Amino acid sequence: MRQLSSLSRLRIGIGFDAHNLKKGRRFVLGGVTIRFSHGLAGHSDGDVLLHAVTDALLGAAALPDIGTLFPDTDPRFKNADSAALLSQVCAVVRKRGWRPAGLDCVVVCDRPALAPHALAIRSKLGRLLSLKPEYVGFKAKTTEGTNLAIPGRSVAALATVLLRKAT
Ligand code: MG
């Protein structure tokens, strides 16, 4: 019984997103700006990873998704900072009594190479969710010739978030 009641204080959420690459835009991933010839297209700054993380948080709290809360038809969110949007969502989730307990994510991307930026991205994700680095997983995968993301044309991201009920 005790195990069941402690499990009821946990929620898991999943998020997915994909964006096309566009020449001349700033490349922002996980809230970290990376020098590259292309950036991620989108109404906001196009941060595909933060969008997936935001949707995972919203999903875990059973709230409407990112597109419902921040529609891409709303001029207020033009070139919006996705880290600021995620912070807003974190505040809403916390207000409902939930605290992030863990995050894991995967980015599918051939270029730019993400390995040199993995630590900076993990640190930024940890700061945004108020999580210690050991509670944040980040993996960069290449397409390996598949169509999971189109090599040189798009980037995809998946994220899972675990929430725990605050005492
Ligand atoms: Mg998006």
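Values quoted throughout were computed directly from the atomic coordinates according to the rules given, and no laboratory measurement underlies them. Only a predicted model underlies this, so the values are computations on that prediction, with no experimental measurement involved. Here Cβ is always computed from backbone atoms with ideal geometry, including for glycine, and neighbour counts include all displayed protein chains.
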Test: Phe16 is surrounded by fewer than 19 Cβ atoms within 10 Å (Cβ to Cβ), in contact with an Asp or Glu (Cβ under 8 Å, 6 or more places away or on another chain) and of a type in the set (A, V, I, L, M, F, W, C):
yes
Residues within the stretch 58-78 that are among the polar types (S, T, N, Q) and in a helix (DSSP H, G or I), tallied:
1
Suppose we filter Leu119, Leu69, Leu114 for residues that are within 16 Å of the ligand (Cβ to nearest atom) and either surrounded by fewer than 21 Cβ atoms within 10 Å (Cβ to Cβ) or among the hydrophobic types (A, V, I, L, M, F, W, C) (or both); which single one remains?
Leu69
Quick one: would you say Thr142 is surrounded by fewer than 19 Cβ atoms within 10 Å (Cβ to Cβ), within 14 Å of the ligand (Cβ to nearest atom) and over 19 Å from Ile14 (Cα atoms)?
no
Could we say that Gly24 is at positive phi and away from the ligand (no atom under 13 Å from the Cβ) here?
yes
Among the listed residues Asp45, Asp17, Asp55, identify the single one that is within 19 Å of Pro112 (Cβ to Cβ), charged (D, E, K, R), within 13 Å of the ligand (Cβ to nearest atom) and outside any strand (DSSP E or B).
Asp45
